[in-house]
1. Within the range 196-229, which residues are part of a loop (DSSP other than H, G, I, E, B) and over 16 Å from ALA247 (Cα atoms)?
2. Go through (1) part of a helix (DSSP H, G or I); (2) of a type in the set (A, V, I, L, M); (3) in the same structural domain as PHE236 (by TED's automatic domain parsing) for LEU193 and report which single condition fails.
3. Among the residues of the range 97-126, which ones are over 30 Å from GLN267 (Cβ atoms) and either within 20 Å of the chain's Cα centre (by Cα) or surrounded by 13 or more Cβ atoms within 10 Å (Cβ to Cβ) (or both)?
4. Report, by residue number, each residue of the range 150-171 that is farther than 15 Å from TRP226 by Cβ and of a type in the set (A, V, I, L, M, F, W, C).
5. In the range 179-190, how many are within 11 Å of TRP226 (Cα to Cα) and part of a loop (DSSP other than H, G, I, E, B)?
6. Would you confirm whether or not the range 39-48 contains a residue that is surrounded by 12 or more Cβ atoms within 10 Å (Cβ to Cβ), in contact (Cβ under 8 Å) with a residue 60 or more places away in the chain and closer than 27 Å to VAL276 by Cβ?
7. For the range 112-121, state whether one or more residues are farther than 18 Å from PHE272 by Cα and out of contact with any Cys (no Cβ under 8 Å at 6 or more places or on another chain).
8. Does THR201 count as among the β-branched types (Val, Ile, Thr) and at pLDDT 95 or above?
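The values are calculated or read from the model by the stated rules, or taken from the named source; none is laboratory data. Nothing here was measured: the structure is a model prediction, and the numbers come from that model. Cβ: placed from backbone, ideal geometry, glycine included. Neighbour counts: every protein chain shown.
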Amino acid sequence: MIARILREPLFHFLLAGAGLFALYHAVVGVRMPDTGKIIRVEKTDLLTYMQYRARAFDPARAEAAFAALDSSARAELIADYVRFEALWREAKALELDANDFVARQRLVQQVEFLTRGFVEQGSSLDEAALEAFYAENAGRYEEPARITFTHVFFSTDRRPEAEARALAEAELDRLEAEDVAFSEALGRGDRFLYNVTYVETDRREIESYFGPGMTEALFDAPIDDWAGPFRSPLGFHIVRIAGRSRAHVPPLETIEARVRSDALTAQEEARFEAAVGAILEAYEVELAPGLAEAEPAP
């Protein structure tokens, strides 16, 4: 019976809520009522203020940081806290939080902030979970296909298409006959709007310059030989490819730091949503009659 209860999701939600409550009181402690215009500064107040300001709820770390402050730094901290406390009391006296949506939104953000601080402190990731996240999200880490090539271009804006094709075919014969090297293509043919040589350029970028048809042909063309003519929206191209790689997902060991960071973020987000869900479960929602029904079209 007890084992079954321990496995229930509701038990975990309640446990998360209890942990959040304990964390809040460990950080904030029990506040005494405000005493008018007297601002009494206790060490616990400063420790709480330091943790909120640092956006990290770690009482032991805050205690150590406070102990390391010299007199000047402590005076500055106290002045900052007193300013914050005085302005907060003025805001409360003016009841700025009563009917102010922005103020209410800020309070909601504070609860979210506390909740995130709680779930982040409990985050951990073993190797099995890391590998499972990598397998489930492999598409996020896919490296695009890349290619390195140079080309000689003949514009169809400057001449009829048939003439441009004939010039390209004649140039291909010369390039092959003269065994023109990869680095010697510059200055041949017409001036191209973009680059003559592309190095390790991803497929999507190549497609944006040369169109999908020519891009497909480039990734099937032979390597280390002049080839073509290939048609792009701008004209004909004779191409020499030096190298290319297909799209692939890198092995986990080469991108482990990135995958681990993403997996921890996803884990923390899931735990945060679960904690918020536990808060929502404690409330019963009553809707005014007809509120959820769409208004009829005029």
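1. Result: VAL196, ALA221, PRO222, ASP224, ASP225.
2. Of the numbered conditions (1) part of a helix (DSSP H, G or I); (2) of a type in the set (A, V, I, L, M); (3) in the same structural domain as PHE236 (by TED's automatic domain parsing), the odd one out for LEU193 is (1).
3. ASP97, ASP100, ALA103
4. Result: ALA162, ALA164, ALA166.
5. 4
6. no
7. no
8. yes
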